[in-house]
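Student: Structure in structure tokens, see below.
The values are calculated or read from the model by the stated rules, or taken from the named source; none is laboratory data. Because the structure is a prediction, the values reported are computed rather than measured. Ideal geometry is used to build each Cβ from the backbone, glycine not excepted, and the neighbour counts take in all protein chains shown. To get the accessible areas, we keep the full protein, side chains included, count just its heavy atoms, and leave off ligands, DNA and RNA. Shrake-Rupley method; radii C 1.70, N 1.55, O 1.52, S 1.80 Å.
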Amino acid sequence: MTENKLPCGFESFGFKKEILDGIKEAGFKVPSPVQEQVIPLIMRGKDVIAQSHTGTGKTAAFGLPVMNNMQKNIGIELLVITPTRELAAQISDEIFRLLKYAGIRTGTILGGHSYNRQIKILQSGVQVLAAAPGSLLDMFKSGKIEIFEPITVVLDEADEMLDMGFLDDIKEIF
């Protein structure tokens, strides 16, 4: 009789317990194909370009390995640049949900909202920041936030940002 082999879960990636606890509570059981391919590469410090349909777990694919390696005390370690403020909020919420037990704080910079509240959150110490390029540049140019040097930068939906004309903004951010 042959044994049915179950697909390996997130434990096989070597995540810290607090990351695994967040994954479990979020209801993730088996990595999606994009997660299976991307997570090991990011865990080894490789640069990655990944393309996958909406809803396939790309945020967890890039977020989990980066968060697993965070130092937690050196300021913003992960900057996620997105084409829209709605996507920035969605990514921040998803990462917050996965980080529930990891002691990692998230923040967003969203145009059309009070920058004062957003600045207070940033100043309180966040390790993950999600923002649209225009809003992030506005904050830099107005002197509301200092330039920072994240360890990892993710351009989420980079093709969409290029289509929307954000190339110069992205260059300026870098």
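Student: Among the listed residues Gly107, Gly103, identify the single one that is over 14 Å from the mean Cα position of the chain (by Cα) and either at pLDDT below 90 or under 21 Å from Phe148 (Cβ atoms) (or both).
Tutor: Result of the check over Gly107, Gly103: Gly103.
Student: Can you name the number of the only condition in (1) over 14 Å from the mean Cα position of the chain (by Cα); (2) closer than 28 Å to Lys17 by Cβ that Val126 fails?
Tutor: For Val126, the exception is condition (1).
Student: Output the residues belonging to the stretch 13-32 that are assigned to a helix (DSSP H, G or I) and either under 18 Å from Asp156 (Cβ atoms) or open to solvent by less than 70 Å² (accessible area, probe 1.4 Å) (or both).
Tutor: Those that are assigned to a helix (DSSP H, G or I) and either under 18 Å from Asp156 (Cβ atoms) or open to solvent by less than 70 Å² (accessible area, probe 1.4 Å) (or both): Phe13, Glu18, Ile19, Leu20, Asp21, Gly22, Ile23, Ala26.
Student: Check the stretch 165-174 and report whether any residue there is under 18 Å from Thr84 (Cβ atoms), β-branched (Val, Ile, Thr) and in contact with a Ser or Thr (Cβ under 9 Å, 6 or more places away or on another chain).
Tutor: no
Student: I need the full set of residues from the stretch 56-93 which are of a type outside the set (A, V, I, L, M), surrounded by fewer than 22 Cβ atoms within 10 Å (Cβ to Cβ) and closer than 17 Å to Glu18 by Cα, in order please.
Tutor: Selection gives Asn68, Asn69, Gln71, Lys72, Asn73.
Student: Name every residue in the stretch 58-91 that is in a helix (DSSP H, G or I) and hydroxyl-bearing (Ser, Thr, Tyr), in order of residue number.
Tutor: Within the stretch 58-91, Thr59 is the sole residue that qualifies.
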